[in-house]
Amino acid sequence: MVNALSSLLQSTIEPEQARMLALFLFFLPVFFFAYWAVKRGARFSLRPIDAYTALKGLLARAAEAGQPVHLSLGIAGIGDQATADTTAGLNVLEYLAERAAISANPPLVTIANATALPVAQDLLRRAYRRQGYSEEYDPGRVRFVAPSDPTLGSSAVPSPSVYANSPQDAFAYAAGTMQLLSKQKVTANVMLGQFGDEFLLLGETGARRDLTQIGGTSVVSVLPFVYATMSHPLIGEDIYAGGAYLSDKPAHLSSLLAQDILRWVLVAGMGVAIVLRTLGLV
Amino acid sequence: MKHIPTAIAIGVGLIVLLDFFFTLPLLDAVGFTFREWTIILAAFAVLLGLVNLVLVHLSRIIRHNEPSTGYSVIVLLTAVSVFLIGLLFGLPSEPMNWVFDHLYVPLQGAFFALVAFFLATAAYRALRARNLDTTLILVSALIVFLGQAPLVSAMTQVREWVLNVPSTAGARGILLGVALGTIATGLRLIVGMDRPYSE
């Protein structure tokens, strides 16, 4: 019976997928337990993240100056491997849109992947509707600047066939957005999502104008650019914490708690593994 | 009625997730079909993107309420020209190849070259020793920089250590956090707790 089950499992799941499934299944109960606890009123303190604190203060300044905040959702979209990064950007957009709808000063959103366009426009539209200003909604506040594809590095030589199979690099997006950042009157530049080398071009353009800059990405190779150009950088997984810090939703708070618990479990596991290995027990 | 999009998203998400983990003929076929649909949806999204691009730039030209509207004229003219060339001659054609080889590739190369200059000014800003963090970055950068030049052999070893030990450890820590964050975001979307697509 056990052998039959084992052979069935081996034939239906690859070793790598099995490891990922194990991690996922481990995460599942922790997440739902945290969600249950948060729903029951459990509260835990969040370490202050400078970027989200600054973001909360930005809108008042933007309303005062009558100038919008620019938000870049990066070069990824919905449905690709970096959907989580785009979702992180959308969480910030939801927060900005909700407050901007009241002050009639909507953010200026630029995207490089068309799949994020309807979602971003819909978030903005719903924010206006919730505040009772549906007629004020302008779909042109979300701008598709140029197509891009994070799966293609800068080494890929663009050609019609490459273009036919998949869109291309993000330099066209960077060029369009740099023009916007350098000419348009904006209070701040927020960049959250998946980025490549173009992050430096956009971030540096904003830095030269002395804009307040908040940005982050999960791409490790881009993090030096984030640190160098942003006044309030978000490093790595900090970008996924936006929902918990800005909206206080139970699902976001509980996922943050589950992440922290699992991180400590993994760190402890690594520590134990190092000790066991050092002692020659494994 | 408002629960229908959520139910569809949860159902499709679960099937695609199960298809990723397991190799079962029925699941593979359904998962493959959903992925095919994604391509079609993405193609429609590109059309929406094109419409958005044209409308935004047309509005900029007509309203004249934003600076540098001349660029919008160039964008629209270029978009229409390339669109017509593609429509008349097809994608793998001589005129389209010419556009890419003689316009797009040189422009991309020129733009990529800008990165070096931007990098220099960004590095200058990042490497000013203002506090402990930036001082550590400055020292590490100097070690890696000097280690590249074969002047002092000891520096090469220190450079290797900086890149292989603290730098890799930091990167792995970040990757671990990113992986957990991605799982959390994916889970919230799949179980319908996060619904960017509906109320």
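The values are calculated or read from the model by the stated rules, or taken from the named source; none is laboratory data. If you're wondering where the values come from, they're calculated on a predicted model, not measured in any experiment. For neighbour counting, all protein chains shown are included, and Cβ atoms are generated from backbone atoms with ideal geometry for every residue, glycine included.
The table for this structure:
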read-out: Positions within region A:193-218 being farther than 19 Å from A:LEU180 by Cβ and more than 9 Å from chain B (Cβ to nearest Cβ), in sequence order; value: A:GLN194, A:GLY216, A:THR217
read-out: Residue match in region A:242-258 (condition: modelled with pLDDT of 90 or more, touching a Ser or Thr at 6+ places or on another chain (Cβ under 6 Å) and farther than 23 Å from B:ARG172 by Cα); value: no
read-out: Criterion violated by A:TYR52 - all others in (1) closer than 30 Å to A:GLU98 by Cβ; (2) more than 12 Å from chain B (Cβ to nearest Cβ); (3) out of contact with any helix residue (DSSP H, G or I) (no Cβ under 6 Å at 6 or more places or on another chain) satisfied; value: (3)
read-out: Test for A:PRO250: is it in contact (Cβ under 8 Å) with a residue 12 or more places away in the chain and surrounded by fewer than 24 Cβ atoms within 10 Å (Cβ to Cβ); value: yes
read-out: Output for region A:116-135, where each listed residue is at the interface with another protein chain (Cβ under 8 Å from one of its Cβ atoms) and in contact with an Asp or Glu (Cβ under 8 Å, 6 or more places away or on another chain); value: A:LEU123, A:ARG126
read-out: Among the residues listed as B:ALA149, B:ALA116, B:ALA169, the single one being closer than 22 Å to A:GLY203 by Cβ and among the aliphatic types (A, V, I, L, M); value: B:ALA116
read-out: Test: residue in region B:174-195 that is at pLDDT below 85 and within 29 Å of A:TYR240 (Cβ to Cβ); value: yes
read-out: Meets criteria (of a type outside the set (Lys, Arg), crowded, with 16+ Cβ neighbours inside 10 Å and either within 30 Å of A:MET191 (Cβ to Cβ) or touching a helix residue (DSSP H, G or I) at 6+ places or on another chain (Cβ under 7 Å) (or both)) for A:LEU46; value: no
read-out: Lone unmet requirement of (1) under 26 Å from the mean Cα position of the chain (by Cα); (2) over 27 Å from A:LEU181 (Cα atoms); (3) surrounded by 12 or more Cβ atoms within 10 Å (Cβ to Cβ) for B:PRO5; value: (1)
read-out: Residue check for A:GLY66: at positive phi and touching a helix residue (DSSP H, G or I) at 6+ places or on another chain (Cβ under 8 Å); value: no
read-out: Residue in region B:25-50 that is farthest from A:ASP138 (Cα to Cα), counting only those that are surrounded by 13 or more Cβ atoms within 10 Å (Cβ to Cβ) and either β-branched (Val, Ile, Thr) or at the interface with chain A (Cβ under 7 Å from one of its Cβ atoms) (or both); value: B:VAL30
read-out: Among (1) surrounded by fewer than 22 Cβ atoms within 10 Å (Cβ to Cβ); (2) modelled with pLDDT of 90 or more; (3) not hydroxyl-bearing (Ser, Thr, Tyr) - the single one A:GLY203 does not satisfy; value: (1)
read-out: Unique match (being modelled with pLDDT under 90 and aliphatic (A, V, I, L, M)) among A:VAL145, A:VAL119, A:VAL157; value: A:VAL157
read-out: Residue that is farthest from the chain's Cα centre (by Cα) [pool: residues in region A:64-86 that are under 25 Å from A:SER134 (Cβ atoms) and touching a residue at least 40 places away in the same chain (Cβ under 8 Å)]; value: A:GLN67
read-out: Number of positions in region A:1-37 that are of a type in the set (Ser, Thr, Tyr) and under 19 Å from B:ILE183 (Cα atoms); value: 1
read-out: Subset tally (residues that are loosely packed, with under 14 Cβ neighbours inside 10 Å and either within 11 Å of chain A (Cβ to nearest Cβ) or not small (Gly, Ala, Ser) (or both)) for region B:71-81; value: 5
read-out: Every residue from region A:27-49 that is more than 10 Å from chain B (Cβ to nearest Cβ) and either farther than 30 Å from A:GLY215 by Cβ or in contact with a His (Cβ under 7 Å, 6 or more places away or on another chain) (or both); value: A:PRO29, A:PHE33, A:TRP36, A:ALA37, A:LYS39, A:ARG40, A:GLY41, A:ALA42
